Amino acid sequence: MRTVDFAKLNLQEGDRVLDLGCGEGRHMHAVYFAKDEIQAVGVDLLLEDVQKARKGFLDFPDLDPTSPRSFGFSVGNALKLPFADNTFDKIICSEVLEHIPDYLGAVKEINRVLKPGGRFGVSVPRYWPERICWALSEDYHNTPGGHVRIFSEGQLRGAVEAQGLSFLQRHWAHGLHSPYWWIRCAVGVRDDENFFVRTYHRFLAWDIVKRPWLTRMLEKIADPLMGKSVVMYFSKATRSGSA
């Protein structure tokens, strides 16, 4: 389930792309197959997630072995990335910053390793749907590795712009997912066997696999109204000063 729109990220052939906080690889796999000459790099703090993401590539090998595209993974800390300055053409950081106490340090590192003229796509939980989750359940966020803050859009945009990056555009995503999390928080986030949780989860799984026109239309309506995530795009100025 992809959150960042690659068209808005202006993904191009030959780009070197960092997926920071790649988790089990949902954006990594999509980036890798989006272009023929992509260099995709995934970084996550958890070794287990990195291993699962890599296994996804090994279990489903590239159908075109002659393709020059490549992928790689690393275990790393967002506050001290193991890359030189100006390494990546594009950076994705999806549903990560809300987990990091020093998120400003992470944004600073992102800016450091992003090339001049590069683009950065970031998503976090949207303020008011997230606020409902926090109000309904303490367990939703108060767990090891859980969410440590609720971002306002202005707070997130300001933090990135403070590094000198220019705001490009914003959209919302996963409007059909907000009710699912509200239900989970209301009945207990660990209660996977609840009837309403199981039923709604089956609906979301069906939607992701089948992508029927009905849910596509519903999503277009739901995203701006109650999208679970807010997604923003930024560009880094070239050395001459233009974005």
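Overview of results
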{"item": "5 Å-binned pair-distance histogram of the chain (Cα, whole percent)", "result": "1, 6, 13, 16, 19, 18, 13, 8, 4, 1, 0, 0"}
{"item": "Among beta bridges that DSSP assigns inside the chain, antiparallel share in %, nearest 5", "result": "45"}
{"item": "Alpha carbon convex hull of the stretch 74-129, projected area averaged over orientations, nm²", "result": "4.2"}
{"item": "Alpha carbon centroid spacing (whole Å) that separates the stretch 130-154 from the stretch 43-88", "result": "28"}
{"item": "The stretch 90-207 - convex hull of the alpha-carbon atoms, volume per residue in Å³", "result": "115"}
{"item": "For the chain, accessible area per residue (1.4 Å probe, heavy atoms of protein chains only), Å²", "result": "50"}
{"item": "Loop GluC sites (Glu not before Pro), the stretch 1-45, which have at most 15 other Cβ atoms in a 10 Å radius of their Cβ (DSSP)", "result": "Glu13, Glu37"}
{"item": "Cross-link pairs beyond the 24 Å C-alpha cut-off, checked among Lys35/Lys90; Lys35/Lys115; Lys80/Lys236; Lys35/Lys80", "result": "Lys35/Lys80"}
{"item": "Computed magnitude of the charge dipole of the chain (debye, nearest 20; Cβ of K, R +1, Cβ of D, E -1)", "result": "520"}
{"item": "Accessible surface of Leu136 - all protein chains present, 1.4 Å probe, nearest 10 Å²", "result": "90"}
{"item": "Helical contribution to [θ] at 222 nm, DSSP H n ≥ 4, -39,500 (n - 2.57), averaged over the chain, rounded to 500", "result": "-12000 deg cm²/dmol"}
{"item": "Heavy atoms of His99: accessible area, 1.4 Å probe, square angstrom to 10", "result": "70"}
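The values are calculated or read from the model by the stated rules, or taken from the named source; none is laboratory data. All values reported here derive from a predicted model rather than from experimental measurement. All Cβ positions, glycine included, derive from the backbone under ideal geometry; neighbour counts span all protein chains shown. Ligands, DNA and RNA are excluded from the accessible area calculation, which covers all protein heavy atoms including side chains. Shrake-Rupley method; radii C 1.70, N 1.55, O 1.52, S 1.80 Å.
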